[in-house]
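Here's the structure, in structure tokens; my notes come after.
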Amino acid sequence: MGCNKGQSNRRLYPIGSSRKGQIEIITLLGVLILAIVVITLVYYSLNTSGPANLQQQQKVVRDSVINTVRKGADSALKEIYLHGGYLEGERGPAGSVGFLAGEVSYWQQCSAVFIPVREDLEAKLERGIEDYINENKAGLLSSFSSINVTIGDSQAVVNVLDDRIEVAVTMPTRVKGTPLPQPYKVSVPAKLGRIHDFASQFSSASARERFLEAFTLTTISNSRDIPTNGVLTSCGESVHRTTGELEAALEDAVSYTVTHILWWQAASVNPAGGITYAIQDLNGKTFPDLNARVFLPDRFRVDALRPVFVSNNRFMSVLFPFIIPICATNYDVTYDVTYPAIVRAEDSLTGYTFNFAVLVDIEDNDVGACGGAVSSGGPADCNSLQCSASLGIADALGRPISGATASFGQCLIGTSDVAGKVEGPVMCGENELVIFSDDSREFLAMNVTSESINGTYMLRRKPNITAHFSKVEITNVYGNGDTRPACASASTGAPESTICAFGREDDYAYAIFSGGGAEYPVTNANNGRIPQGCADGTDNSSCLAVDVLEDVYVDYIPAGTYSVEGMAWETADPAVKGAFSAPYTLGEGVSGLYINIPGTTSQVASEALTSCLTNTLQSVCRINPLEESPHVATTIVTGVTCNKLKGIAESCAALRSDMQGLFWTGPLACNDRATCEEECAPGDFSCVVHCNENDVIEALEARCDTRVIRK
């Protein structure tokens, strides 16, 4: 066959089949060859002894060492900032306090300062950097395993400036026997120099001015929950704080103080009444860029060694017989409070916060000298007591009282449990035992010895009482129509009747409840209108113008049995206008107490007069001086006849329309109204007034507020 001109001898393949596979194989072979070439070039570049390749190796090593130095500087800085200028595991000469799971060293305690100089910070940074390099040297060398690299011991030199630290590390290094230039230099942006100046200025100023103590004392004195000093003026008023309440209040006061400090400005006035404090400068310097703040340490707490209890039962007697119802008790409670504070300064260049500690010490509500441990409210010897006590605390019915606190001398014994039991160590010897539950019960204060302290003590409840003062005018009526006040003159024979009439006690009056070694006076004097001269004793004559009340509120007398003496006095011309003496048992549930003072004409006070008036009130009028419900307005003790009852009824307007129904007239011997009622003729003494005596007596008491007692 012949060949056709123009035809090719090549075979044709469809595009996208076998030809496409060949292209992919060629591409993969090209990539593999390129990788082999690159690896070969790198290998030969690192292992050739030519000058260009050596310089490259030296640069790689030098950059790695400098990076390690930089990391070492950062690590050392972090430790220095966290621990107050010290490395991990180090403490300053005054010790340290826990904060954020680390230890922060003290720079100031009271008037003493422990400020590390800047050279000390530099030396610690140098050691921290050297330690970091030594710890990481093996790893650094392992990264150059393919190169002949040797690294000697490191020696760091640090210069701390306000805005950076300059680090120079001398560390002999050879790459294939060729030494690298020394030292390695690093500049780290940091405000450590400025922060050191701030911490130094703060510590020295705080040691001199003690502003944290002053701020804390101001918070304590303004706290409603921490009693410090004052005067109690309400009778029966008390101030009581348990150790737990004091601890919580003091901790709140300290927390408030450190979180309300303004820096580099004057204190602001809070319209809501909150107090702020200000540190305007430190020895003339300010550091607004450091955002300084004060914090409390980890596990911060205040320990109160004893409770606070003040009771106001000291009644003033200015001018006999005037017992002024002003109770005045001064109190002055001091505290010992010591707490660490952490001052923090932020470094915006490193992102770290520098911490240093100061010790705040308050002793007896004054700036302290750092002589004791963290405590409040009690002497140090409460921690070393040699004797013990076991007390029971119960109410008047013998039921246990829980939550009552007991202290002996200056030291707390403890708080009663659900069984009313309190046990704990006490001082040996004689001291004052104080037991208090709450304001609704009496407090107990008595001197006992540690040998006799064990036993059960009763705390009686103090009922809230409205005391009503009344005068009972007792008038004797004789057969000839003569009337005389009871107990006013020598007896002229038995009276035909006695009228006991209640009225407002317009004279100054009092009743003194005596029992259990204590006296509790109740008076009708208007506490709010007692002349100042009478109250303070500068003008006793002004007591004669005392204003009186009909009802007074009393909440300071514990339930119990008392001997009560009451008396009313004419203030214009001092003389007795009424008196009584009687026993009385005040129950816990009493809410109203009626003090009924039997009245008489002005007389000289005497036991005989008091006895006469008391006996007449009780035996004749059948009225007790102290009762828990009111009496009818008038009690008439008389021989009962219908004629007398009619005379009494005629004086009662409520019965005037019923007189014909209650009374009728007829023959003396006939009691049957239906058959015997007739109008009595004048002079007919056989015709008399008839009635049903019991019906009339009941009507008088129900409708006329008058009680008739048959004599």
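The values are calculated or read from the model by the stated rules, or taken from the named source; none is laboratory data. These numbers were taken from a predicted model, which means no experiment stands behind them. Every residue, glycine as well, gets a Cβ built from its backbone with ideal geometry; the counts of neighbours run over all protein chains shown. Surface accessibility is based on the protein's heavy atoms, side chains included, excluding ligands, DNA and RNA. Shrake-Rupley method; radii C 1.70, N 1.55, O 1.52, S 1.80 Å.
What distance in nm separates the simple spin-label points at Asp705 and Asp482, each placed 7 Å from Cα in the Cβ direction?
Computed distance between label sites Asp705 and Asp482 equals 3.2 nm.
With the other protein chains left in place, how much accessible area per residue, in square angstrom, belongs to the chain at a 1.4 angstrom probe?
49
Sticking with the crude label model, points 7 Å out along Cα→Cβ, report the distance from Asn383 to Asp289 in nm, one decimal please.
About 4.5 nm, to one decimal.
For Ser402, Ser111, give the ranking by accessible area with the largest first, probe 1.4 Å.
Largest accessible area first, the residues go Ser111, Ser402.
Taking 0.36 nm per residue of separation and subtracting the Cα-Cα distance, what length does fully extending Ser581 through Glu119 add?
Full extension of this stretch gives 157.6 nm more.
Under a point-charge model restricted to the Cβ atoms of Lys and Arg (+1) and Asp and Glu (-1), what is the dipole moment magnitude of the chain relative to its Cα centre, in debye to the nearest 20?
Working: 52 positive and 81 negative charges, 1142 e Å.
For the chain, the charge dipole is close to 5480 debye.
Among DSSP bridges having both ends in the chain, what percentage is antiparallel? Round to the nearest 5.
85
Give the carbon-plus-sulfur fraction of the accessible surface of the chain in %, rounded to a whole number; probe 1.4 Å, heavy atoms of protein chains only.
51
Provide the packing ranking of 86-94, 194-202, i.e. peptides ordered by the mean count of other C-beta atoms within 10 Å per residue, highest first.
194-202, 86-94
Mean residue ellipticity at 222 nm from the helices of the chain, using -39,500 (n - 2.57) per DSSP H segment of n ≥ 4 over the full residue count, to the nearest 500 deg cm²/dmol? Don't skip to the end; give the middle numbers.
On the way: 12 runs with 175 residues, N = 711.
Helix contribution divided over all residues of the chain: -8000 deg cm²/dmol.
If one puts a single equal scatterer on every Cα of the chain and applies the Debye formula without solvent, what log₁₀ I(q)/I(0) results at q = 0.06, 0.09, 0.10 Å⁻¹?
-0.66, -0.98, -1.07
Multiply the residue separation of Lys185 and Thr641 by 0.36 nm, subtract the distance between their alpha-carbon atoms, and state the gained length in nm to one decimal.
Stretched fully, the Lys185-Thr641 segment lengthens by 151.4 nm.
Once R0 is set to 25 Å, what does the formula 1/(1 + (r/R0)^6) return for the Cβ-Cβ distance between Arg301 and Ala278, expressed as a FRET efficiency to the nearest 0.05?
Taking R0 as 25 Å, the efficiency between Arg301 and Ala278 is 0.35.
Can you give the FRET efficiency for Met446 and Thr475, using 1/(1 + (r/R0)^6), R0 = 45 Å, r = Cβ-Cβ distance, to the nearest 0.05?
0.40
Between Thr675 and Lys71, 0.36 nm times their residue separation minus their Cα-Cα distance comes to what? Write out the running numbers ahead of the final one.
Numbers: separation 604, 0.36 × 604 = 217.44 nm, distance 13.11 nm.
Gain in length upon complete extension: 204.3 nm.
Say each of Thr233 and Glu693 gets a label point 7 Å from the Cα, pointing the same way as Cα to Cβ; how far apart are those two points in nm?
Calculated label separation equals 5.8 nm.
Report the residues of the range 682-711 in range of a label on Arg622: point 7 Å along Cα→C-beta, backbone N strictly under 11 Å from it.
Only 707-711 pass the distance filter.
Say R0 is 41 Å: what FRET efficiency, to the nearest 0.05, do Asp63 and Ser348 get from their beta-carbon distance?
For R0 = 41 Å, the calculated efficiency reads 0.90.
Excluding Asp225 itself, calculate the net charge of residues whose Cβ lies under 12 Å from the Cβ of Asp225, where each Lys or Arg counts +1 and each Asp or Glu counts -1.
Around Asp225, the charge tally is -2.
Which of the listed residues, Thr616, Phe99, Cys500, is farthest toward the dipole's positive end in the chain, when Lys, Arg count +1 and Asp, Glu count -1 at the beta-carbon?
So the residue furthest toward the plus end is Phe99.
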